[in-house]
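Asks: Sharing a structure, written as C-alpha cells. Questions coming.
The values are calculated or read from the model by the stated rules, or taken from the named source; none is laboratory data. In this text the structure is predicted, and so the values were computed from the model without any measurement. Please note: Cβ atoms are built from the backbone with ideal geometry, for glycine as well, and neighbour counts cover all protein chains shown. Just so you know, the surface numbers come from the protein's heavy atoms only, side chains and all, with ligands and any DNA or RNA stripped out. Shrake-Rupley method; radii C 1.70, N 1.55, O 1.52, S 1.80 Å.
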Amino acid sequence: RFLAGGAQGEGDFSLVLLNGLPPNRAVWFAGWQNQDPALGSSLIGIHHPDGSYKRIAFGARVTDRAASVGGQAAPAARFLQVQMTDGRIEGGSSGSPLYDAGGRIVGALSYGPVAPPGQSECDIANFRAGYGRFTSAYETLRPLLEDGVSTPLSVTPQTLSFRGADGI
C-alpha cells in the first residue's frame, strides 16, 4: 500500500507498506540516518536489478549537482551525488538504498549511468549516481516513521509482527 512519496523535484522517493512478508525471502531491517553524509564519506549501494541477484556498488559522496532525469529536474539540494569506484548499478535498481558506513539508509537510487549502445554496465567504471536524500524524504515521512511521543516500536522476531503507536 502506498503511504507517501515525492516526485523527482522533491527527491524521488516513496514509502510503501507490504501486506505481508515476501514469500520465501530472508528479511533484513535497516535503520536510517537523518543527517546527510559528509563529503568524502564512504557509501554503499545495494540493489537487486529487476529482482535479480544482489549487486553492490562502493563509492564516496562528492559535491552535489543538479541533473535532468527523463526531462525532469533533479535539484542538487534534494540529491546526493556518489562517485562509485567499485561495483555496478544496473537498470531496474531505482529506489534501492544507499547506506552509510554505519549501515543506515541515507538515500534511495534515482539515476545512474546508462551503457552506450553495444556495451553493458560492466563496461562502465568510476561513474556517478544520484540518490534522493533521505533528509529530504524525511520531511514528508516523519509522521509515518515517528509517533512523536517517544514510544518505541515493538518487534516480535519470531512472528515478525509490528506494532507502533501511530497505528501503522
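Asks: In the set 58, 79, which member is surrounded by 19 or more Cβ atoms within 10 Å (Cβ to Cβ) and either among the hydrophobic types (A, V, I, L, M, F, W, C) or in contact with a helix residue (DSSP H, G or I) (Cβ under 6 Å, 6 or more places away or on another chain) (or both)?
Replies: Just a single option satisfies the conditions, and that option is 79.
Asks: Among the residues of segment 42-49, is any open to solvent by 60 Å² or more (accessible area, probe 1.4 Å), over 25 Å from residue 2 (Cα atoms), without any contact (Cβ under 8 Å) to a residue 12 or more places away in the chain and touching a strand residue (DSSP E or B) at 6+ places or on another chain (Cβ under 8 Å)?
Replies: So far as segment 42-49 goes, no, none of its residues is open to solvent by 60 Å² or more (accessible area, probe 1.4 Å), over 25 Å from residue 2 (Cα atoms), without any contact (Cβ under 8 Å) to a residue 12 or more places away in the chain and touching a strand residue (DSSP E or B) at 6+ places or on another chain (Cβ under 8 Å).
Asks: Would you call residue 38 hydrophobic (A, V, I, L, M, F, W, C), in a loop (DSSP other than H, G, I, E, B) and either touching a strand residue (DSSP E or B) at 6+ places or on another chain (Cβ under 9 Å) or free of Cβ contacts under 8 Å to residues at least 24 places away in the same chain (or both)?
Replies: Yes, satisfied.
Asks: Turning to a different aspect of this structure: With the structure loaded, tell me whether residue 58 is at pLDDT 90 or above and of a type in the set (Phe, Trp, Tyr) or whether it fails that test.
Replies: The answer is yes for residue 58.
Asks: Would you tally the residues in segment 89-100 being open to solvent by 40 Å² or more (accessible area, probe 1.4 Å), touching a Ser or Thr at 6+ places or on another chain (Cβ under 9 Å) and not small (Gly, Ala, Ser)?
Replies: 1
Asks: Oh, and also: Consider residue 31 against the criteria (1) more than 18 Å from residue 111 (Cα to Cα); (2) within 14 Å of the chain's Cα centre (by Cα); (3) open to solvent by 70 Å² or more (accessible area, probe 1.4 Å): it satisfies all of them except one. Which criterion is unmet?
Replies: Of (1) more than 18 Å from residue 111 (Cα to Cα); (2) within 14 Å of the chain's Cα centre (by Cα); (3) open to solvent by 70 Å² or more (accessible area, probe 1.4 Å), only one is false for residue 31: (3).
Asks: Follow-up. Got a sec? Which of 52, 41, 94 is more than 19 Å from residue 15 (Cα to Cα) and at pLDDT below 85?
Replies: Step by step, each of 52, 41, 94 is checked, and only 52 is more than 19 Å from residue 15 (Cα to Cα) and at pLDDT below 85.
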